[in-house]
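Okay, structure first, notes after.
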Amino acid sequence: MAEFYWLCSLVIRSEHNLAQYSHESDNESDLSDHEDFYLPGEEHHIKMEVSVTRREDIKQLFYSNQVYRMSETVRGRALIINTNVFPNRPDLFRKGSAVDVSNIEQLDVRHDRTAEEMLKDIKEETQRPDHEDYGMHITVLMSHGATYGAYGMLYGADLKPVKLLDVFDLLSSDNFKHMAGKPKVVIVVADRNESSEGQESHYRSQQTKSESKNYNIEDMLILQSCFDGQNSIRDANYGSPFIRELVKTLYKHSSHTDLATLFDIVQERVKKVTKKLAEKHSHAAQQVPVVTLD
């Protein structure tokens, strides 16, 4: 968890589209193809400068009713949980995850949480009274995962499942009351391939009536690293193309583009980069991130 200043400038309201405002010169905003993942000689850790927009119409959006108010000195808080080590299955160690964490700089991280601890961390975060003073909240979850319902599930360090619908429920305005009416961003980096652990059918059989309830994901923007049936690619030296493209895009575009559009850019870049990887490496496949906006 940590306070953060730079991560996002404009957070779009679901009924508006601010893409019309986001055009900057190529020099200011476009990511070069030469920055693609796996480029020989590229730094493992991303070091870029945040570009400040010079457009007055973009600046004025901060004070309009077209976007969530993001004028606080500290925009919000982030809770990051990275489950990297699985004591009973050392073969599941997530090589390259440390690089992803280092690229999300200036933020503290909770490491190697069991399923129960993960949910406890999130619940405790939602009870913090200081969220009344913040404009938004971001939750980043990184682990192994599998197919389960509409959104999938994650594994704790104890290999017990955490259903993402349960996470979204904890972060909903119904339960995260200090952030009701404010944007809540959830970023999930995990496989959604049921063969990754082979246990999805077992947990599917344990579904209860509680899972059929209506979940309130109002004011929530969800970005998942891949679709159902896909693996989330990760390299031991460079981390994941998903996190690399996410961080690059935020650095280059966050001063003049809303988050929904930013995530669309990330989706397209990850598709492009992983397609190139799949053409060069037989073990890789194209990866398509999923964006869900309420």
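The values are calculated or read from the model by the stated rules, or taken from the named source; none is laboratory data. Computed from a predicted model, the values in this text were never measured in an experiment. Here the Cβ positions follow ideal geometry from the backbone for every residue, glycine too, while neighbour counts run over all protein chains shown.
Where residues in the stretch 242-294 are modelled with pLDDT under 90 and polar (S, T, N, Q), which of them is farthest from Asn231 (Cα to Cα)?
Top of the filtered list is Ser255.
Cβ-Cβ distance below 7 Å, separation of 6 or more or different chains: which pairs start in the stretch 267-294 with a residue that is free of Cβ contacts under 8 Å to residues at least 24 places away in the same chain and end on one that is charged (D, E, K, R)?
Note: pairs meeting the criteria are Gln286/Lys271; Gln286/Lys275.
Would you call Val101 in a helix (DSSP H, G or I) and either touching a Lys or Arg at 6+ places or on another chain (Cβ under 9 Å) or surrounded by 15 or more Cβ atoms within 10 Å (Cβ to Cβ) (or both)?
Criteria met by Val101.
Per-residue answers, yes or no, for (1) more than 18 Å from Ile222 (Cβ to Cβ); (2) not in a strand (DSSP E or B):
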| site | (1), (2) |
| --- | --- |
| Asp91 | yes, yes |
| Leu119 | no, yes |
| Ile122 | no, yes |
| Asp130 | yes, yes |
| His137 | no, no |
| Leu141 | no, no |
| Tyr148 | no, yes |
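Does Ser51 satisfy the criteria of being modelled with pLDDT under 90, small (Gly, Ala, Ser) and loosely packed, with under 14 Cβ neighbours inside 10 Å?
Taking the combined requirement at face value, the residue does not satisfy it.
Does Ala236 satisfy the criteria of being touching a Leu at 6+ places or on another chain (Cβ under 6 Å), in contact (Cβ under 8 Å) with a residue 12 or more places away in the chain and aliphatic (A, V, I, L, M)?
No.
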